[in-house]
Amino acid sequence: MITIRSVTITALASAVLATTLTGCQFGTAEQDTSPIVIAVDLELSGSAAPVGKAYQRALELKRDQLNASGALGARKIELKVKDNRSDASESLRNVEDFSNDSQVSALIMGGCNECAVGAVRTINEKRLPTVALAPASAVASPVADRRYVFKLAPNAVDSAAALTNELHRRGIKKAAVLNSEDSYGQEGLAALRSEFIKAGIRLVREQGIKATETDVKQPVRTLTERKPEALVVWTPPGQALLAADAAQEAKFKGSLFFDAVAAGDLFLGASAGSTEEATLIFTQTMVIDDVIATTPAKAARRQWFQNYTARFGGYNGFSSFAADAVQLIADAELRAGGEPGKAGRDGLRDVLETSQMDGLSGPIRMTPDNHSGLMPQALTTLVARGGRWRLAS
């Protein structure tokens, strides 16, 4: 009896212990270890490669920071990157491949306007949430036809308004415009015409150039012949610097103004002399080391600037948009919730559509009526001094 009793008590104790352990296991939420896979379509070769490579560096740095922070729990971000060779057809092939990959939660596209617009139909059909870094309004508008596409880049109307306000503040009455002939350049020219009329500024001449043009001397000479008080350059960064050099060669005595898309590296290199005192409309992130970090958002921007500079030896203004795209997708994936790894593309899209954050680029607000998230308040006035961009005083 003693032996039987002892065995019975031991078995009972084991059963209670097993039940207790099982209860603890059932009471603990299952930890999600599934990766957050973000596909990336970038211009890593071809005419737009410098900006595409800046985006890639930023994406990789932000991925590493988020993965090391523990903010994603046991989950990690994985990037699947493809080069579109600055070609819209190649970009579309990349998007089709990514959309058919069941592991991919979302897509980030680079600065190519034609690439993003050309992929809209595939993105919608495949229900692939996409954050595009291209600036043209047609990338994310009309929203009814762009349900799965969101945009993180300066808007032409906001940039034109800020630039015109600065011209007006300085008392400039006559201006000429050099613009790229792509969709964003044409959109910018239209916005400037409208803003100039309201501000009483006369557009004395305008000149369009192909986005791939490498010789801008003749167009700049044509524009400066009328002796405008200001030359507005609405082109990608490489062309903007060439235009500054050409204006100096043409002995232009007026002021240079650059649209946000003309932003590039912090340091102006060989064009430092020709860009001295030029004005750029862009976000504070480019010059955050000039800004006192009075808020958590400004402190985060300063830290980003320092981390990027430490890793890559310089800073590129476009980097913050790429980093914010990763943050938006990661936050949306976590907020979408549900079963581990089961947020789904539709759930992710729904959360992205109501996302709000004080990003590295500035305040970002997405709504069901507006998929272009960068707020006008993100833009400020910068000036070139001593071979680099500075906050205008």
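The values are calculated or read from the model by the stated rules, or taken from the named source; none is laboratory data. Since this is a predicted model, take the numbers as computed values, not measurements. Positions of Cβ are generated from backbone atoms using ideal geometry, with glycine treated the same way; all protein chains shown enter the neighbour counts. Areas reflect the complete protein model, heavy atoms only, side chains present, ligands, DNA and RNA absent. Shrake-Rupley method; radii C 1.70, N 1.55, O 1.52, S 1.80 Å.
Here are some notes:
- Of all the criteria given as (1) free of Cβ contacts under 8 Å to residues at least 40 places away in the same chain; (2) surrounded by fewer than 19 Cβ atoms within 10 Å (Cβ to Cβ), the one not satisfied by Arg127 is (1).
- If you filter region 144-177 down to residues that are open to solvent by less than 30 Å² (accessible area, probe 1.4 Å) and among the β-branched types (Val, Ile, Thr), you find that the one that is farthest from the chain's Cα centre (by Cα) is Ile172.
- Set Leu391, Leu382, Leu352, Leu360: member being modelled with pLDDT of 95 or more and more than 17 Å from Leu266 (Cβ to Cβ): Leu352
- Within region 72-87, considering residues that are buried (at least 16 other Cβ atoms within 10 Å of the Cβ) and of a type in the set (A, V, I, L, M, F, W, C), the one farthest from the chain's Cα centre (by Cα): Leu72
- Filtering Ala263, Ala246, Ala211, Ala240 for residues that are more than 25 Å from the chain's Cα centre (by Cα) and not charged (D, E, K, R) leaves a single hit, Ala246.
- In region 195-233, the residues that are among the hydroxyl-bearing types (Ser, Thr, Tyr) and either in a loop (DSSP other than H, G, I, E, B) or open to solvent by 60 Å² or more (accessible area, probe 1.4 Å) (or both): Thr212, Thr214
- Test result for Ala323, at pLDDT 95 or above, among the aliphatic types (A, V, I, L, M), more than 13 Å from Leu107 (Cα to Cα) and assigned to a helix (DSSP H, G or I): yes
- Pairs where the first residue, in region 223-236, is at positive phi and the second is surrounded by fewer than 24 Cβ atoms within 10 Å (Cβ to Cβ), C-beta under 9 Å, 6+ apart: Lys227/Lys174; Lys227/Val204; Lys227/Phe252; Lys227/Lys253; Lys227/Gly254
- Of the set (1) modelled with pLDDT of 95 or more; (2) surrounded by fewer than 16 Cβ atoms within 10 Å (Cβ to Cβ); (3) of a type in the set (D, E, K, R); (4) not in a helix (DSSP H, G or I), all apply to Asp64 but (4).
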